[in-house]
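Here is the structure we will look at.
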Amino acid sequence: MPGPDPSAPGLSGVDLARVALRAAREQAKARGEEVRKKKQARRGGLRSGARADGRDPLPLGAAVHRLITERGWETPAAVGGVMGRWPQLVGPEVAQHCEPKSYDEDERVLTVQCDSTAWATQLRLLAPQLVARLNADLGHGTVKLIKVLGPMGPPRPRGRLRAPGSKGPGDTYG
């Protein structure tokens with residue numbers, strides 16, 4: 001609450017004393033702040049006190065969550081969690097034969113590799129339900145498509161008895 005102005009006419013001695021006391025308190029407070037800042041600068045900056053502030057250590061989970069949020073890694077982290085929880089999402093039998101390989105964040109495509117063509121065909125049939133389950137777990141639109149890969153064949157041997165440009169045993173015998 002502002003007090004009376006000392007230059008105003010008609011102030012009594014008590015009012016003048018109150019104005020002078022208020023001014024002296026404000027000056028002392030300002031000097032105290034300056035002294036406190038100088039002491040902190042000599043000691044090496046701010047010190048942590050008894051109360052929590054932004055400089056206190058965080059639990060690991062909170063620090064990781066803050067890092068993920070600041071960097072915008074929510075979707076890749078969620079998809080990485082899906083890859084870790086793959087057996088719970090698709091069931092143990094499907095997880096035994098099909099494995100998630102990669103996630104394209106721009107296209108929102110999850111690539112899954114199966115160990116046989118029969119399982120690849122089965123997973124292609126289950127893909128719409130799996131996309132719906134993943135989007136329910138991760139958030140709408142996180143996965144738009146599941147790209148299913150079949151088994152990779154063994155590497156083609158190279159040697160001196162191989163005909164240049166041949167594509168394997170079927171090419172030689174028939």
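Quick notes
- Yes/no for V94 being of a type in the set (A, V, I, L, M), more than 18 Å from L138 (Cα to Cα) and open to solvent by less than 60 Å² (accessible area, probe 1.4 Å): yes
- Selection count, region 134-147, where residues are surrounded by 15 or more Cβ atoms within 10 Å (Cβ to Cβ) and free of Cβ contacts under 8 Å to residues at least 60 places away in the same chain: 5
- Helices (runs of 4 or more DSSP H) (entirely within region 90-174) containing at least 2 residues that are more than 29 Å from W73 (Cα to Cα) and at pLDDT below 85: 169-173
- Here region 53-83 is the region considered, the condition is being exposed (fewer than 11 other Cβ atoms within 10 Å of the Cβ) and assigned to a helix (DSSP H, G or I), and the residue that is modelled with the highest pLDDT is L60.
- Residue within region 117-125 that is free of Cβ contacts under 8 Å to residues at least 24 places away in the same chain and open to solvent by less than 50 Å² (accessible area, probe 1.4 Å) present: no
The values are calculated or read from the model by the stated rules, or taken from the named source; none is laboratory data. As the structure is a prediction and not an experimental result, all values here were calculated from the model. Cβ sites come from the backbone with ideal geometry, for glycine too, and all protein chains shown count toward neighbours. Ligands, DNA and RNA are excluded from the accessible area calculation, which covers all protein heavy atoms including side chains. Shrake-Rupley method; radii C 1.70, N 1.55, O 1.52, S 1.80 Å.
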